[in-house]
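Student: This is the structure I have questions about; it appears just below.
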Amino acid sequence: MIKQKIKVMNSSGIHARPASVLVRTASRFKSDFHIHSHGYRINAKSILGVLTLAAEQGAELELELSGPDEQQAMEVIVELFKTGFGMEDEED
Amino acid sequence: MKWRGKFSVGGKVIGTVFIYNPKQQVLSGRAIEASEVKKEQDKAASALRIADLEYRKINQLAGNTVKDESQQAIFDFYLQVIRDPSLRTEIYEKIREELLTADQAVFQVFRKYIQKLEVSGSTLFKERIPDVVDIRSRLIAAIQQKEILVKIDEECIVVCRELSPSEIILFARQKVKGIVAEKGGLTSHAAIIARSMGIPFVFGVDGIIDQITNGARIIVDGEKGEIITNPDEAELDFARSEILSRVSDDASRKKYLSGPVFTKCGTRIRTMVNLELEVEVDKAAHYGPEGVGLMRTEAFFLDQSQGGAAGVTNGETTEESRDQQRFIERSLSLCKADGDYITIRLYDVGGDKLPGFSEKEENPALGLRGIRLLMARKQLLMSQLGIIAEALRQSAGKHEFRVLIPMVSSVEEVRLVRELLHEVLVKAGLKQYAGKVKTGAMIEVPSAALIADILAREADFLSIGTNDLMQYMMAADRTNTLVSGYYDEYHPALWRSIKSMIDAAGGSSAEISICGEMASVPKFAALFAALGIRSLSMAAPALIDVRKMLSNIDLRLMKKELRRIFEATSADEVRAITDEILSGLNVSDD
């Protein structure tokens, strides 16, 4: 199991579309993926779970990955956070 | 009182009102026994499956029209919620631990999530609440559907706020007479389904629900988009006489209600049906198709869902594989005459539908899809061939099966499927039926069109998919409105390529058929026949007009004129020449 702290960078937080991207990406890996926030631990392959985190810009989260491809998954997911989930504009 | 809808399909009917308003959902309040837990969990699972199928159907239908990125994002979001692994687990646990009925459990699990979204600060999160509420309503409606159905009889005309595609399929099964909906929106996709099922349907009728009562008389005219509620005797008489005169119209069409059809010069053209869902089988039977020219199987491929696709991939017997086998077996009922056959197209999906698929494709239409994907995930191919073999066993070799390979671009792909199919049949102890299964290539990639002669020697048959062939040939995405003008069925390139394929395959025994949308347009069907095509496959309701056209043409006369099409220099010229060739025919009604 590996863990890493990360900050939500994009201006609108992890709303529906970033959440959708995050869950879709996570589901491609075999590893279990959980996010810790404010004492909660949610299944990050669950769209409802990720969305109800209501993680806004600046929120500090801890990613937890566990499984055969955890290293590779962590790299891809961290990259997603850093690039603002590929959201070019934040109008919606 | 008279009403007018914004959009309508189908004919005219008189019936009694049945108000269907699933938004006023009443949850069952009862507690269940421990022995009922499994049953309620199964109900919830089945509702999730229905919703999944429904959203995929909507997504697919929307894909044929215009869809922008944000609409696509909403579809994706809906599907992700339906497939949320925690959602399913929580609903199951709620049923087991609190002994709730499935609808109550769904309601309470969603309520928890909705409350969390309500207290979150940003409006971006609150904006998703209506979507989440909508998904909840659909799941509960799916659970309760069975109970609603009891109240519907065949004289009913369903009046509702709006309908989902799965609801319209449900009503069609109950043989309702007609459907009226207040809203458009997703209903427009329901309209496509209503048309394919032949049910009069008027929608965009504001405020009608508040002005009617259950059981009242109503006249619905799907042709004109008009509705009369509480009609007086004069209005009823007029409607009855109009319905009668349309029936006599129908009588003149009646002789086209079944095949085979012969041209004036006596050439037989086989007219078959395209199928996508099991529920279409009964309706299709009404139009007397001579077999199934294209059975799509994508609906049985549960993309990305943990259980479904994994099961299919591992070759286990899953609910999807049973559904698919039953679909194939029921479709065999459309093979009435000796020599009728069904054509099953292997899964035509892209890599994004696979679980654990992490590569990003810049250009999915040119990516790992169709046979390419099936070769990369051989398990998937083998399991589908296994399903087909089982259906063949059940049918005891009574009818011919055809296996159609999507996205073929080289001859090796045909060889491989042929070999694997043989292997599967031998393993299943069905070697004696090997002659009953034919293997064919879908021609939709330009490279395949150019090697049609080679493919025709290797395959038992070729089937031209005009939609994709046109798209790939013109390098124009047909869902992209910016280039939709390039997608022109009269483009000389398409006609030259079809002609060259027919000429090239002429020396072989392989039969060429057409299953694209163009086959359902009577004038194109006539041209295809004149070019030498002897079997066409289309949506069931199109069969009548196509047969009527075919029985009125003389191929010998048309052939003389065809040369002009291949000498034409532009799409406009081809269009003008086509109209000229066909205007000579006086397609008579008798």
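Student: Looking only at the range B:99-110, decide whether some residue is of a type in the set (A, V, I, L, M) and within 14 Å of chain A (Cβ to nearest Cβ).
Tutor: Yes, the range B:99-110 contains a residue that is of a type in the set (A, V, I, L, M) and within 14 Å of chain A (Cβ to nearest Cβ).
Student: Could you say which residue among A:A54, A:A26, A:A19 is in contact (Cβ under 8 Å) with a residue 40 or more places away in the chain, closer than 18 Å to B:S120 by Cα, surrounded by 16 or more Cβ atoms within 10 Å (Cβ to Cβ) and not basic (K, R)?
Tutor: Step by step, each of A:A54, A:A26, A:A19 is checked, and only A:A54 is in contact (Cβ under 8 Å) with a residue 40 or more places away in the chain, closer than 18 Å to B:S120 by Cα, surrounded by 16 or more Cβ atoms within 10 Å (Cβ to Cβ) and not basic (K, R).
Student: Right, another one. Give just the number: which of (1) at pLDDT 80 or above; (2) touching a Leu at 6+ places or on another chain (Cβ under 9 Å); (3) more than 10 Å from every other protein chain (Cβ to nearest Cβ) does B:S137 not satisfy?
Tutor: Result: B:S137 passes all but (2).
Student: Do we have any residue at all in the range A:29-41 that's facing chain B (nearest Cβ under 8 Å), of a type outside the set (K, R) and without any contact (Cβ under 8 Å) to a residue 60 or more places away in the chain?
Tutor: Among the residues of the range A:29-41, at least one is facing chain B (nearest Cβ under 8 Å), of a type outside the set (K, R) and without any contact (Cβ under 8 Å) to a residue 60 or more places away in the chain, which makes the answer yes.
Student: Collect the residues in the range B:193-224 that are without any contact (Cβ under 8 Å) to a residue 24 or more places away in the chain and closer than 26 Å to B:A540 by Cα, keeping them in residue-number order. I'd like the intermediate steps shown before the answer.
Tutor: Just the residues of the range B:193-224 that are without any contact (Cβ under 8 Å) to a residue 24 or more places away in the chain, to begin with: B:210.
Within the range B:193-224, no residue meets the criteria.
Student: Would you mind listing the strands (runs of 3 or more DSSP E) fully within the range B:192-234 where at least 2 residues are among the aliphatic types (A, V, I, L, M) and farther than 16 Å from B:L163 by Cα?
Tutor: Numbers: elements: B:201-203, B:217-221, B:226-229.
Correct list: B:217-221, B:226-229.
Student: Turning to a different aspect of this structure: Within the range B:258-281, can you find the residues that are over 30 Å from B:L381 (Cβ atoms) and not in a strand (DSSP E or B)?
Tutor: B:S258, B:G259, B:P260, B:T263, B:K264, B:C265, B:G266, B:T267
Student: OK, next. Against the conditions (1) modelled with pLDDT of 90 or more; (2) out of contact with any strand residue (DSSP E or B) (no Cβ under 6 Å at 6 or more places or on another chain); (3) surrounded by 19 or more Cβ atoms within 10 Å (Cβ to Cβ), where does B:A542 fall short? Just the number, please.
Tutor: (1)
Student: Name the helices (runs of 4 or more DSSP H) wholly within the range B:483-590 that hold at least 1 residues that are more than 28 Å from the chain's Cα centre (by Cα) and not assigned by TED's automatic domain parsing to the domain that holds B:I199?
Tutor: Working: elements: B:492-505, B:522-531, B:543-551, B:555-567, B:571-583.
Those helices (runs of 4 or more DSSP H) span B:492-505, B:522-531, B:555-567, B:571-583.
Student: Looking for something assigned by TED's automatic domain parsing to the domain that holds B:S331 and over 27 Å from B:R330 (Cα atoms) - is there at least one such residue anywhere in the range B:386-409?
Tutor: Yes; the residues of the range B:386-409 include at least one that is assigned by TED's automatic domain parsing to the domain that holds B:S331 and over 27 Å from B:R330 (Cα atoms).
Student: Among the numbered conditions (1) at pLDDT 90 or above; (2) aliphatic (A, V, I, L, M); (3) not assigned by TED's automatic domain parsing to the domain that holds B:D545, tell me where B:A194 comes up short.
Tutor: All conditions pass for B:A194, except number (1).
Student: Name the residue that is modelled with the lowest pLDDT, counting only residues in the range B:298-316 that are assigned to a loop (DSSP other than H, G, I, E, B) and surrounded by fewer than 21 Cβ atoms within 10 Å (Cβ to Cβ). Before you say what the answer is, go through the steps one by one.
Tutor: Going through the range B:298-316, the residues assigned to a loop (DSSP other than H, G, I, E, B) turn out to be B:301-305, B:315-316.
Within this subset, residues satisfying the condition of being surrounded by fewer than 21 Cβ atoms within 10 Å (Cβ to Cβ) are B:301, B:303-304, B:315-316.
Values: B:F301: 71, B:D303: 41, B:Q304: 36, B:G315: 47, B:E316: 55.
This residue is B:Q304.
Student: Just to be sure before I move on: is A:T83 facing chain B (nearest Cβ under 10 Å) and either surrounded by fewer than 19 Cβ atoms within 10 Å (Cβ to Cβ) or not charged (D, E, K, R) (or both) in the structure I sent? Walk me through how you get there before you give the answer.
Tutor: Working: facing chain B (nearest Cβ under 10 Å): no; either surrounded by fewer than 19 Cβ atoms within 10 Å (Cβ to Cβ) or not charged (D, E, K, R) (or both): yes.
Criteria not met by A:T83.
Student: Give the residues of the range B:483-517 that are surrounded by fewer than 17 Cβ atoms within 10 Å (Cβ to Cβ) and polar (S, T, N, Q), sorted by residue number.
Tutor: Result: B:S484, B:S500, B:S509.
Student: Give the residues of the range B:223-240 that are surrounded by 18 or more Cβ atoms within 10 Å (Cβ to Cβ) and among the hydrophobic types (A, V, I, L, M, F, W, C), sorted by residue number.
Tutor: Correct list: B:I227, B:I228, B:A239.
Student: The conditions are (1) in a loop (DSSP other than H, G, I, E, B); (2) within 7 Å of chain B (Cβ to nearest Cβ); (3) over 16 Å from B:K116 (Cα atoms), and A:N10 fails exactly one of them. Which is it?
Tutor: Answer for A:N10: the failing condition is (2).
Student: Looking only at helices (runs of 4 or more DSSP H) that fall completely inside the range B:374-450, which ones have 2 or more residues that are more than 19 Å from B:S508 (Cβ to Cβ), without any contact (Cβ under 8 Å) to a residue 24 or more places away in the chain and not basic (K, R)?
Tutor: Of the helices (runs of 4 or more DSSP H) lying wholly inside the range B:374-450, those with at least 2 residues that are more than 19 Å from B:S508 (Cβ to Cβ), without any contact (Cβ under 8 Å) to a residue 24 or more places away in the chain and not basic (K, R) span B:411-427.
Student: Here's another thing I want to ask about it. Does any residue in the range B:112-124 that is within 8 Å of chain A (Cβ to nearest Cβ) and closer than 18 Å to A:S11 by Cα come within less than 9 Å, Cβ to Cβ, of a residue that is among the basic types (K, R) and assigned to a helix (DSSP H, G or I) six or more places away or on a different chain, and which pairs are these?
Tutor: Pairs found: B:S120/B:K126.
Conditions tested, residue by residue: (1) in a helix (DSSP H, G or I); (2) crowded, with 18+ Cβ neighbours inside 10 Å; (3) modelled with pLDDT of 75 or more; (4) on the phi > 0 side of the Ramachandran plot.
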residue	(1), (2), (3), (4)
B:T16	no, no, yes, no
B:Q24	no, no, no, no
B:E36	yes, no, yes, no
B:L48	yes, yes, yes, no
B:I58	yes, yes, no, no
B:Q72	yes, no, no, no
B:D76	yes, yes, yes, no
B:Q80	yes, yes, yes, no
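Student: Collect the residues in the range B:550-561 that are crowded, with 19+ Cβ neighbours inside 10 Å and in contact with a Leu (Cβ under 9 Å, 6 or more places away or on another chain), keeping them in residue-number order. Full working, then the answer.
Tutor: Restricting attention to the range B:550-561, the residues satisfying the condition of being crowded, with 19+ Cβ neighbours inside 10 Å are B:550, B:553, B:555, B:558.
Within the range B:550-561, B:L550, B:I553, B:M558 qualify.
The values are calculated or read from the model by the stated rules, or taken from the named source; none is laboratory data. On a predicted model such as this, the values are computed, not experimentally measured, just so you know. Neighbour counts are summed over all protein chains in view; Cβ atoms, including those assigned to glycine, are modelled from backbone coordinates with ideal geometry.
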